[in-house]
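What follows is a single structure, written as structure tokens, with notes after it.
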Amino acid sequence: MSDVLMAVNVTVIDRVKCNSCDHYNSRPVITKDMICAGYVGNKPADTCQGDSGGPLLCNEALVGVTSFGKGCGQEKFPGVYAFLSKEQLNWIKKTMKKPKI
């Protein structure tokens with residue numbers, strides 16, 4: 001675990017591929033509400049323990065939050081992110097605008 005905020009570029013992996021026997025083998029099933037993302041070329045790139053709830057950005061826009069993975073930086077087991085719906089994004093924006101207590 002780091003005391004310094006870190007960032008990494010990840011590659012989105014097709015849901016069918018992520019559910020294949022080469023990856024999660026549908027254990028658990030990666031649904032349409034999830035995004036798999038990890039390795040960039042041959043370089044490990046992933047979230048890890050302690051990153052849950054952290055953002056997944058695409059072109060500087062929030063599209064998901066870190067959910068789970070199997071280990072850290074494993075090519076066959078990319079990070080899995082919860083895909084954020086428009087309603088969830090609106091709730092986040094609204095909540096962030098509230099004054100601090």
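Determine the calculated [θ] at 222 nm for the chain from helices alone, applying -39500 (n - 2.57) to every DSSP H run no shorter than 4 residues and normalising by the residue count; nearest 500 deg cm²/dmol.
-4500 deg cm²/dmol
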Original post:
Within the range 11-97, how many Lys pairs sit with Cα atoms under 24 Å apart, leaving out pairs fewer than 8 places apart on the same chain?
Top reply: 12
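Given R₀ = 41 Å, what would the calculated FRET efficiency be for Leu5 paired with Lys32, taking r from the Cβ atoms and rounding to 0.05?
Working: r = 30 Å, r/R0 = 0.74.
After rounding, the FRET efficiency stands at 0.85.
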Original post:
Amide H of Gly64: which non-local residues (sequence gap of 5 or more, or other chain) have their own amide H closer than 5 Å, using H built in the peptide plane?
Top reply: Leu56, Leu84
Original post:
Got a sec to turn the phi values of the range 66-79 into Karplus ³J(HN,Hα) couplings, 6.51 cos²θ - 1.76 cosθ + 1.60 with θ = phi - 60°, whole Hz, x for Gly and Pro?
Top reply: 4, 10, 7, x, 10, x, 9, x, 8, 4, 7, 10, x, x
**OP:** With everything on Cα atoms, drop me the angle between helix 86-97 and the longest principal axis of the chain, reported from 0 to 90° to the nearest 10.
**Re:** 40 degrees
Original post:
Per 10 Å bin, what percent of the C-alpha pairs of the range 11-97 does each bin hold, from zero upward?
Top reply: 18, 50, 25, 7, 0
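Stretch Asn59-Gln74 to full length: gain in nm at 0.36 nm per residue minus the Cα-Cα span?
On the way: separation 15, 0.36 × 15 = 5.40 nm, distance 2.45 nm.
Net length gain for the segment: 2.9 nm.
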**OP:** Calculate the radius of gyration of the Cα atoms of the range 1-59 to one decimal place, then report Dmax, the largest Cα-Cα distance, as a whole number, both in Å.
**Re:** 12.6, 36
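Each value in this text was obtained by applying a stated rule to the coordinates, not by laboratory testing. Bear in mind the structure is a predicted one, so any value in this text is a computation, not a measurement. Here Cβ is always computed from backbone atoms with ideal geometry, including for glycine, and neighbour counts include all displayed protein chains.
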